[in-house]
Amino acid sequence: MKKKYQNAFLIFGLVVLALMVLQLDFQEVWDGVQRAGYWFGAVVLLWAVLYVFNTAAWWIIIKSGEESHTPMTPTEGEVPHSATTTVPSPRQGRSFSFLWLYKITVSGFALNYATPGGLMGGEPYRIMSLSPYIGTERATASVLLYVMTHIFSHFWFWLLSCVLYVLTQQVDLFMAVLLTFIALFCITAIWFFLKGYKKGIAVSGMRILSHIPLLKRWAKRFFESHAEQLATIDAKIAALHGQNPRTFFCAVFLELSCRVVSALEIFFILLVIMPTANYLQCILILAFTSLFANMLFFIPLQLGGREGGFLLSAKGLSIGAREGIFVALLVRLREIIWTAIGLLLIKIEKKKK
């Protein structure tokens, strides 16, 4: 990646990190960390493991694409396909390590914490970092497919959490209506994503953007000038999904497992103030908190959305508001720490190069 783009991502991330830090009450944070003790250290280390799940899912998607990307030898008199498309980068074709992809994953998520919708910083960074190795179209297809898988797993997590709630909690009329609405919403989204896997999402996504008031002019110009590339990306997404279904299910399973294991974060924090904390309840808290926060995706840094989700979900599971605030505070602090780590990794790559 060019230095000017690295600097742009780094400066953007530092500004966002400063905003995240300014939102904290430092005395309250210090008291919370002292109260949590070594459990907060366990929360921070837990995310080093969770990012391995995310990296592994993206890794197998990329490797599946490499297996399907076998260049054909042109017959006599036939013009090679590469002569009519883009010239590969000098580094294109070189391999990269899992550790390097892990670093890009952590930095990408760090940038995503800051942006409304979560796709305005991390995903361009991943594409630009990976493009020199496998080409822009394949890098874009792999990143889009991973993002689709990441979001797809969220809908499965919320749907399964509705079932878990019915099996483990008392359901009144209000919760029955709410759970039914959430389940129908998740089933509809899963159906939409399955169609997107088969046909691609780049072209349809640009068509949707072309109807949004503030973006429609840019989207129309972009679609007209890049229609062929977008169609190629959709074809690669469909090929990656269709060639090896086992790879697709493995990536979804890794992402879904990551959601379930990440509930340990809430479990570790609740153990400080509630020795009888229930891990199944922590899964439900995480499910409804993430659902509430993603409904407010347009808020930068999801400020207030995540905290409100913790309070609502904790109250619904008969956990006090004080405990909900304590969990939300330490989770926000963990996000800041890993955002700083992700930005530091961008800087380390820049110095190394």
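The values are calculated or read from the model by the stated rules, or taken from the named source; none is laboratory data. Everything quoted here is computed from the prediction, not taken from an experiment. Note: ideal-geometry Cβ built from the backbone for every residue, glycine included; neighbour counts use all protein chains shown. Ligands, DNA and RNA are stripped out before the accessible areas are found, and what is left, the full protein with its side chains, is counted by its heavy atoms. Shrake-Rupley method; radii C 1.70, N 1.55, O 1.52, S 1.80 Å.
For the reader, a short list of remarks on this structure follows.
- Qualifying helices (runs of 4 or more DSSP H) (wholly inside the stretch 272-353; at least 1 residues being modelled with pLDDT of 80 or more and surrounded by fewer than 16 Cβ atoms within 10 Å (Cβ to Cβ)): 279-295, 321-352
- Any chance Phe267 is at pLDDT 65 or above and either surrounded by 15 or more Cβ atoms within 10 Å (Cβ to Cβ) or over 18 Å from Leu330 (Cα atoms) (or both): yes
- Residue selected from the stretch 120-161 under the condition open to solvent by less than 30 Å² (accessible area, probe 1.4 Å) and outside any helix (DSSP H, G or I), by the criterion nearest to Ile104 (Cα to Cα): Gly121
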